[in-house]
Amino acid sequence: MLLKTNGQKLLGLIIVFLLLVLLMCASIVYGYTQTSWKMVLDAFQNNNGSNEHIVIATVRLPRALIAVAVGSSLAISGVLMQTLTKNPLASPGIFGVNAGAGFAVVIAVTLFSVSNLQAFAWISFLGAAVAAIAVYIIGSAGRDGLTPMKLTLAGAAMSAMFASFTQGFLVINEAAFEQVLFWLAGSVEGRKMEILINVLPYLLLGWIGSVFIASKMNVLSMGEDVAKGLGVNTGFLKIIVAIIVILLAGGSVAIAGPIGFIGIVIPHLTRFIVGIDHRWLIPFSGALGGVLLLVADILARYIIMPQEIPVGVMTAIIGTPFFIYIARKGFNAR
Amino acid sequence: MNQYKSFRKLEGKVSFLLDKKAIFILISFLVVTGVVFIVSTGLGDMKLSPLTVLNVLFGGGSEMEQLVVQSFRLPRIIVALMVGIALAVAGGILQGMIRNPLASPDILGITGGASVAVVSFLSFFSDANNSLTVSIKWLPLAAFVGAAVIALLVYILAWKNGVSPIRIVLIGIGVSALMQALTTLMMIMGPIYRASQANIWITGTVYGSSWNNVAILVPWTVVFVAIAFLMAKNINILELGDDIATGVGGRIQRQRFFLLLISTALVGGAVAFAGGIGFVGLMAPHMARRLVGSSFGALLPVSALIGGILVMLADLIGRTMFSPLEIPAGVFTAGIGAPYFIYLLFKNRNA
């Protein structure tokens, strides 16, 4: 634990938020179209309709806001998933949200010829929710209810199934493949502000809910029996957690497509900084998740300029070494 | 009647115990494999009765029948059979070695490595007119190299005073995710025509197999499957856990390395010619375990046959049911595999 007292943690949280704001500005300023900090100010104060100003107001700003919203939602749902499944490498993807959303979008494109990103958002939200609910039901079938192991297995199986059906549909329909390929990689590019505004209420609900259940999550992390002994209704709590994860992860997929690794990496990083108290863990993770996705997104613009790498690929490239580090470290002790 | 029959030869140097029930099941599956093989050779655009097929196989039949069976169907079906066997045996080995029913070649990133190699091959060796600058014949080699390199990488990364099963799985999952991201990246950057070609490969199909493929794949698979059968007793011991395995005198690190090597070789060969046919490695050993129990001496052969049957059937359905459209076999193995897997989960819900 890096920060020990509450004062330090509060200061740390403020610093992270400042960093987040700074990176948002950087995300607005830097990119293929040359802009300067001054131009950004101008764009908001007196937009003269020049090319740069339009780019800033309609492309860069939504993109930065979306990166923050998606990054923090994924990170928070990662924290919740890791506590719920007692698995240090769990991520929102385990609920099958990414695969479910991908499948729904591909079905919509191939069978109903839907083609705009706006529609993709709702369809993928629906797909994510259906997959997550199915995983939850399969995972909690049987006498002892939802166990971490069953949940993980059910999620892996459902994801694999949806993924291969998606693949099958794409093989048959090449035109659709072209359309959804970029979406399937996960990207915050080219999303309009309306998509964010449409999904924002669900994300907000998830953020607020996760802060409210933080203290209960602390109890749950001590183990099911202890939590029950201390008077927590664990069955009810698990359902609430599942709903919040679906709202957050489903909403993120709806906006940006499947983006991996943030939900795994950030909770660990945050635990290293503030320890295991969820009341600090959740807000910190949220802020750091936004920071990571912004950084990944800015880097993605520069690596193979003028083309862009989908940010989902970027997070995988940044996240994998970290993942391997955790896997090696975490299982040596036992 | 005793359930087991023991064999001792050369003053006990060669000895094994035969499970009569397992032998019976093994023989039945051999028969089923033969039947599926022959029926599937007969079905397609031109339908032949099983008897005609047998006749053609032994040199009879009209010239047309000879052509269809020998040039088009046989190589493809033999490749399907071999791929199924290889994947099933590799899956069985990995499940025993890692002691996790979820283990499969896909999870360890072996298939993912092959995918990246194939996509890179297709995009790096394309010129401006979208035609390949090197012969497509090298594609299997690229896939194999990709699979082997990633398997080695996972092994090295998981090494820390020896390799523990759980670390291998975790690192494999991480590396596969990275491979998936790289595959997507390559597809997006390359021309779209190549991307859809690569996508078909990733889904897994035995379309377009030739006798050349058969000539490489059959000896490769047979040799490594034979080695796997010989090592079956070591897997039995590894499955008891590291402590017990060490206690009874197993050299676990060395055995683990060899087993991983064998399964990589098997998966590499299968993936090279048929792409990422999923779920066979996961499903076949589970089915076999139901039938003959979990002793690997019987489990591996039976799951090999089940794997062969599954891929042959998947290919048969893929090329006949939606004709003239060809659906890759991988779609069907996943279509059967995933629900079966969920059924397994549901069945063991109280375990």
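The values are calculated or read from the model by the stated rules, or taken from the named source; none is laboratory data. Computed from a predicted model, the values in this text were never measured in an experiment. Here Cβ is always computed from backbone atoms with ideal geometry, including for glycine, and neighbour counts include all displayed protein chains.
Values as computed for the structure displayed
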{"read-out": "Any hit, the range A:227-237, residues being on the phi > 0 side of the Ramachandran plot, in a loop (DSSP other than H, G, I, E, B), at pLDDT below 90 and in contact with a Ser or Thr (Cβ under 9 Å, 6 or more places away or on another chain)", "value": "no"}
{"read-out": "Search result, residues across the range A:210-224 that are buried (at least 17 other Cβ atoms within 10 Å of the Cβ) and either within 27 Å of residue A:61 (Cα to Cα) or in contact with a Pro (Cβ under 8 Å, 6 or more places away or on another chain) (or both)", "value": "A:210"}
{"read-out": "Residue check for residue A:321: more than 8 Å from every other protein chain (Cβ to nearest Cβ) and surrounded by fewer than 17 Cβ atoms within 10 Å (Cβ to Cβ)", "value": "yes"}
{"read-out": "Count of residues meeting criterion [within 16 Å of residue A:90 (Cβ to Cβ) and not in a loop (DSSP other than H, G, I, E, B)] in the range A:253-264", "value": "3"}
{"read-out": "Residue within the range B:188-202 that is in a helix (DSSP H, G or I) and more than 11 Å from chain A (Cβ to nearest Cβ) present", "value": "yes"}
{"read-out": "Residue satisfying all of: in the range A:293-317; in contact (Cβ under 8 Å) with a residue 24 or more places away in the chain and within 10 Å of chain B (Cβ to nearest Cβ); farthest from residue B:172 (Cα to Cα) among these", "value": "A:308"}
{"read-out": "Single residue of A:119, A:108 found to be farther than 21 Å from residue B:333 by Cβ, small (Gly, Ala, Ser), away from chain B (no Cβ under 14 Å) and buried (at least 17 other Cβ atoms within 10 Å of the Cβ)", "value": "A:108"}
{"read-out": "Residues being within 22 Å of residue A:313 (Cβ to Cβ), without any contact (Cβ under 8 Å) to a residue 40 or more places away in the chain and either part of a loop (DSSP other than H, G, I, E, B) or not charged (D, E, K, R) (or both) - total across the range A:149-183", "value": "5"}
{"read-out": "Filter result for residue A:102 (within 14 Å of chain B (Cβ to nearest Cβ), under 29 Å from residue A:267 (Cα atoms) and crowded, with 24+ Cβ neighbours inside 10 Å)", "value": "yes"}
{"read-out": "Filtered residue count, the range B:317-334, keeping only those that are in a helix (DSSP H, G or I), crowded, with 23+ Cβ neighbours inside 10 Å and over 13 Å from the mean Cα position of the chain (by Cα)", "value": "5"}
{"read-out": "Matching residues in the range B:158-168 - criterion: being crowded, with 20+ Cβ neighbours inside 10 Å and facing another protein chain (nearest Cβ under 9 Å)", "value": "B:158, B:167"}
{"read-out": "Those residues of the range B:189-214 which are farther than 17 Å from residue A:184 by Cβ and in contact with a Gly (Cβ under 9 Å, 6 or more places away or on another chain), in sequence order", "value": "B:204, B:205, B:206, B:207"}
{"read-out": "Residue match in the range A:42-59 (condition: among the polar types (S, T, N, Q), touching a Ser or Thr at 6+ places or on another chain (Cβ under 8 Å) and surrounded by 12 or more Cβ atoms within 10 Å (Cβ to Cβ))", "value": "no"}
{"read-out": "Condition check for residue A:146: more than 8 Å from every other protein chain (Cβ to nearest Cβ), outside any helix (DSSP H, G or I) and farther than 22 Å from residue A:109 by Cβ", "value": "yes"}
{"read-out": "Members of the range A:234-289 found to be of a type in the set (Lys, Arg) and either over 30 Å from residue A:4 (Cβ atoms) or surrounded by 24 or more Cβ atoms within 10 Å (Cβ to Cβ) (or both), listed by number", "value": "A:238"}
{"read-out": "Considering residues of the range A:127-143 that are of a type in the set (Val, Ile, Thr) and under 12 Å from residue A:99 (Cα atoms) only, the residue nearest to the other protein chains (Cβ to nearest Cβ)", "value": "A:135"}
{"read-out": "Total residues in the range A:167-182, condition among the β-branched types (Val, Ile, Thr) and either out of contact with any Gly (no Cβ under 9 Å at 6 or more places or on another chain) or more than 9 Å from chain B (Cβ to nearest Cβ) (or both)", "value": "2"}
{"read-out": "Where a residue in the range B:338-351 is within 7 Å of chain A (Cβ to nearest Cβ) and its partner, wherever it lies, is assigned to a loop (DSSP other than H, G, I, E, B) and modelled with pLDDT of 75 or more, with Cβ under 7 Å and at least six apart", "value": "B:338/B:279; B:346/A:141; B:349/A:141"}
{"read-out": "Members of the range A:83-106 that are aliphatic (A, V, I, L, M) and closer than 14 Å to residue A:131 by Cα", "value": "A:94, A:97, A:99, A:101, A:104, A:105"}
{"read-out": "Residue match in the range A:151-166 (condition: among the hydroxyl-bearing types (Ser, Thr, Tyr), within 14 Å of another protein chain (Cβ to nearest Cβ), more than 19 Å from residue B:344 (Cβ to Cβ) and touching a Gly at 6+ places or on another chain (Cβ under 9 Å))", "value": "yes"}
{"read-out": "Among residues of the range B:232-278, those that are of a type in the set (Val, Ile, Thr), surrounded by 24 or more Cβ atoms within 10 Å (Cβ to Cβ) and out of contact with any Gly (no Cβ under 8 Å at 6 or more places or on another chain), counted", "value": "2"}
